[in-house]
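These notes are about the structure you will find just below.
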Amino acid sequence: MTDAQISKTFTHLVLQGKVRQAIRFLTQRDKGGVLQGNDIDSKTGKRVKDVLLSKHPDARIPEPRAFEPYDKIPDFISLDITCDTVTSVVSKMGGSAGHVG
């Protein structure tokens, strides 16, 4: 399976609310599982935390010219998230992210 196929399958499972199944899909692969920050990356020999940090540039404030100008602010969609909404969504989720009781 390619990385793109793995990503697509994981995303599909999460969007269906099958979080536990998605995590199991990722962690029960032959070539590895979840690594902790102090684990050693087999490809580089460096700590996983250091490898991940090296992939992220330092934060910076964008220049104003980086943003596109708009003549009008779009209308915002009003959201009404109630206890019933949350209960309905959570009841459809499975695994550790799902409804407890």
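Structural size metrics of the chain, computed from C-alpha coordinates, are Rg and Dmax of 20.2, 53 Å. Available extension along the chain between Glu68 and Ile40 is 5.8 nm, counting 0.36 nm per residue and deducting the alpha carbon span. When only the Cβ of Lys, Arg, Asp and Glu is charged (+1, +1, -1, -1), the dipole of the chain relative to its Cα centre reaches about 600 debye. The residue list Leu79, Gly17, Pro62 was ranked by how far each Cα lies along the charge dipole of the chain toward its positive end, using unit charges on Cβ atoms, and Gly17 comes out on top.
Read the figures in this text as sums done on the coordinates, not as results from a lab. Computed from a predicted structure; not experimentally measured. Here Cβ is always computed from backbone atoms with ideal geometry, including for glycine, and neighbour counts include all displayed protein chains.
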